[in-house]
Amino acid sequence: MPLDIVILGPPGAGKGTQAAKIEADAGIPHIATGDIVRAEMAAETPFGLRVMEYNLRGELVPDELMIERVRERLLEGDTEDGFVLDGFPRTLAQAQALDAMLDDLDRSIRVVLHFQLPEELAEQRLLGRALASGRADDTPEVIHKRMATMRVPHDLIAYYRALGNLVGIHADRSIEEVYAEVQNVLETAAA
Ligand code: ADP
C-alpha cells in the first residue's frame, strides 16, 4: 500500500521543513499546493491565470479548481509509492473529494499529521523566514492577519478525527525532535 500522508497545520508550523525530510527519506514527493499555485501563476498557465484573481484578492482558490488540479497532480507517476500533501485539503469539501479520488484509485490516506504549536511561535518563525528570504512585505501585522485566515478549520480536524487517522505532532520543538516524532508516527502507520 502506498504511503499517502496529509500534513495539516498553520503557516510556520514547519510543514515544509518536515515534508522535505520525509521526501528525502521515504522517496515520496512533497506536494505543496501553495507552491503549485505560485509556480503556475508565474508561468501564466491556464490554471495559473484562472486562480490569479482569487490570489490577488487574498481568497482561497475555489474548491472545484483546486480539487481538479490536485487530482491531476496525484495521477502523476511519482506518487506510486505515496505522497506528502501539504496545503490541501483546506476545506471539508476538499477532504471529502480527496477521499473519493483516492478511493477510485484503490488507495487511502494512511495518516494525517496535525502540526500543533502556539500561534505566537509560528508567527515568530514566519518573521524569521521572511527576514531570511528578504521578503520585506511580510511584516508582523501581515503575518498576524494571514495566521487568522489560514487557521486549520475545526470541521476538517473533526472529519479526520472521526475517520481515525489523525495524529497530533508537537511542532513547538527543534526540527530534529519534531522529525523524530514524525518518523515514529510513520513507522507505526506503515506497519
Ligand atoms: P510551513 O511549511 O508550515 O509554513 P516551514 O517549514 O516553512 O513552515 O517553516 C517556517 C519557518 O520556521 C522556516 O524558517 C523554518 O526554517 C523554521 N522552522 C521549521 N521548523 C522549525 C522548528 N522545529 N524549530 C525552529 N524553526 C523551525
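The values are calculated or read from the model by the stated rules, or taken from the named source; none is laboratory data. The structure presented is a predicted model; accordingly, all values stated were derived computationally and were not measured. A quick note on method: Cβ atoms are made from the backbone with ideal geometry, for glycine too, and the neighbour counts reach across all protein chains shown. For accessibility, only protein heavy atoms count, side chains too; no ligands or nucleic acids. Shrake-Rupley method; radii C 1.70, N 1.55, O 1.52, S 1.80 Å.
Figures for the structure shown
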{"read-out": "Residue satisfying condition, being more than 16 Å from the ligand (Cβ to nearest atom) and of a type outside the set (Gly, Ala, Ser), within set Val111, Val152, Val142", "value": "Val111"}
{"read-out": "Wholly enclosed helices (runs of 4 or more DSSP H) of the range 1-65 bearing at least 1 residues open to solvent by 40 Å² or more (accessible area, probe 1.4 Å) and within 16 Å of the ligand (Cβ to nearest atom)", "value": "15-26, 33-43"}
{"read-out": "Selection count where residues are within 20 Å of Arg38 (Cβ to Cβ) and small (Gly, Ala, Ser), scope the range 69-92", "value": "1"}
{"read-out": "Matching residues in the range 125-156 - criterion: being within 30 Å of Asp4 (Cα to Cα) and not aliphatic (A, V, I, L, M)", "value": "Arg125, Arg129, Arg146, Thr149, Arg151, Pro153, His154, Asp155"}
{"read-out": "Residues satisfying the stated conditions in the range 142-191, i.e. touching a strand residue (DSSP E or B) at 6+ places or on another chain (Cβ under 7 Å) and of a type in the set (D, E, K, R)", "value": "Glu181"}
{"read-out": "Scan of the range 156-191 for residues that are touching a Gly at 6+ places or on another chain (Cβ under 7 Å) and over 15 Å from Ala19 (Cβ atoms), ordered by number", "value": "none"}
{"read-out": "Selection status of Arg125, within 9 Å of the ligand (Cβ to nearest atom), among the basic types (Lys, Arg) and surrounded by 14 or more Cβ atoms within 10 Å (Cβ to Cβ)", "value": "yes"}
{"read-out": "Total residues in the range 66-91, condition surrounded by fewer than 16 Cβ atoms within 10 Å (Cβ to Cβ) and touching a Pro at 6+ places or on another chain (Cβ under 9 Å)", "value": "4"}
{"read-out": "Cross-chain or 6+ apart pairs with Cβ under 9 Å, the range 140-167 first and open to solvent by less than 50 Å² (accessible area, probe 1.4 Å), then outside any helix (DSSP H, G or I) and among the small types (Gly, Ala, Ser)", "value": "Ile143/Gly12; Met147/Gly12; Val152/Gly9; Asn165/Ser108"}
{"read-out": "Residues (closer than 25 Å to Glu120 by Cα and either touching a residue at least 12 places away in the same chain (Cβ under 8 Å) or of a type in the set (Asp, Glu) (or both)) located in the range 168-191", "value": "Gly168, Ile169, His170, Ala171, Asp172, Ile175, Glu176, Glu177, Val178, Tyr179, Glu181, Val182"}
{"read-out": "Any hit, the range 17-35, residues being on the phi > 0 side of the Ramachandran plot, within 11 Å of the chain's Cα centre (by Cα) and small (Gly, Ala, Ser)", "value": "no"}
{"read-out": "Selection within the range 155-177 - within 15 Å of the ligand (Cβ to nearest atom), within 19 Å of the chain's Cα centre (by Cα) and assigned to a helix (DSSP H, G or I)", "value": "Ile175"}
